[in-house]
Amino acid sequence: MIKLTHRMQAVASLVTPGRKVADIGCDHGYLPIYLVENHIAPSAVAMDINEGPLKAARKNIQKEGLQDKIKTRRSDGLKELLESEGESVIIAGMGGRLVIKILTQSIDILKKDSGVKELILQPQSEQAFFRSSMRELGYVCVKEDMVFEDGKYYPMGKYVKGQEQVTSETSLFDEYGPLLLKEKNTVLWQYVLKEQENLMKIEESLTEMKEGAQKELRKKELQEKMRRNQAAQNFF
């Protein structure tokens with residue numbers, strides 16, 4: 001039986017049981033193997049743009065005797081995903097901008113009735129850009145989680161088609177995660193406190209910077225980040 005890291009276990013827990021899975025950027029195929037072995041997904045397709053990870057995935061799938069339930073396929077993002085093959089599409093372990101690029105270049109597949117019911121996404125960078133872009137693509141987050149592993153924080157979420165209402169708090173939600181804030185996620189709280197600590201160190205270092213336009217700009221940017229950080233703390 002495959003065992004997942006804490007981060008990938010959290011990703012797996014976002015998948016709605018009973019749905020066929022498409023893992024985009026499958027690496028060694030551990031996630032689809034875990035989902036099928038544990039009867040969370042009836043079947044899966046492991047996809048990657050490179051042949052190397054697919055070769056490793058095939059080896060692991062065969063080792064677990066699941067080749068009749070898990071297919072492997074070389075694909076640039078979702079481009080080779082067949083209709084009704086992936087009800088739950090997973091993209092984990094990539095930068096936020098790359099995740100949005102993958103979704104945008106296959107938006108026709110997502111918009112038509114291709115059988116995709118949910119997106120399980122775990123972007124590793126540019127969270128505010130990622131969340132605002134998901135809103136522009138016509139998706140809302142219905143479940144969020146965040147884990148701390150190997151010295152890094154990993155936010156993730158389940159997205160479905162829908163329109164999110166923009167409010168005065170939207171930019172704050174884009175930065176930290178709307179459900180993470182509303183549900184007072186304990187790992188987010190740790191992240192917010194760590195961020196505050198880092199911002200205070202930056203503020204201290206600015207005192208040594210010579211006066212000028214660049215210093216004023218840095219101070220303005222820092223003040224805005226500290227304001228948002230405090231606003232996030234107020235949720236707790």
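The values are calculated or read from the model by the stated rules, or taken from the named source; none is laboratory data. Since we're looking at a predicted model, the values are computed, not measured. Positions of Cβ are backbone-derived with ideal geometry, glycine not excepted, and every protein chain shown enters the neighbour counts.
A few comments on the model shown:
- On inspection, Lys219 does not qualify as free of Cβ contacts under 8 Å to residues at least 12 places away in the same chain and either part of a helix (DSSP H, G or I) or surrounded by fewer than 11 Cβ atoms within 10 Å (Cβ to Cβ) (or both).
- Boolean, Lys63 is surrounded by 17 or more Cβ atoms within 10 Å (Cβ to Cβ), at negative phi and out of contact with any helix residue (DSSP H, G or I) (no Cβ under 6 Å at 6 or more places or on another chain): no
- Condition check for Met146: under 14 Å from the mean Cα position of the chain (by Cα), under 21 Å from Leu31 (Cα atoms) and at pLDDT 95 or above: yes
- Among the residues examined, Gly77 qualifies as in contact with a Ser or Thr (Cβ under 6 Å, 6 or more places away or on another chain), outside any strand (DSSP E or B) and over 27 Å from Asn185 (Cα atoms).
- Within the range 187-218, the set of residues being of a type in the set (Val, Ile, Thr) and touching a strand residue (DSSP E or B) at 6+ places or on another chain (Cβ under 9 Å) comprises just one member, Val187.
- From Gln122, Gln190, Gln214, Gln165, residue being out of contact with any His (no Cβ under 7 Å at 6 or more places or on another chain), surrounded by fewer than 16 Cβ atoms within 10 Å (Cβ to Cβ) and either closer than 28 Å to Lys20 by Cβ or touching a residue at least 24 places away in the same chain (Cβ under 8 Å) (or both): Gln190
- Of Glu195, Glu204, all but one fail to be closer than 29 Å to Asp150 by Cα, exposed (fewer than 14 other Cβ atoms within 10 Å of the Cβ) and not β-branched (Val, Ile, Thr); the exception is Glu204.
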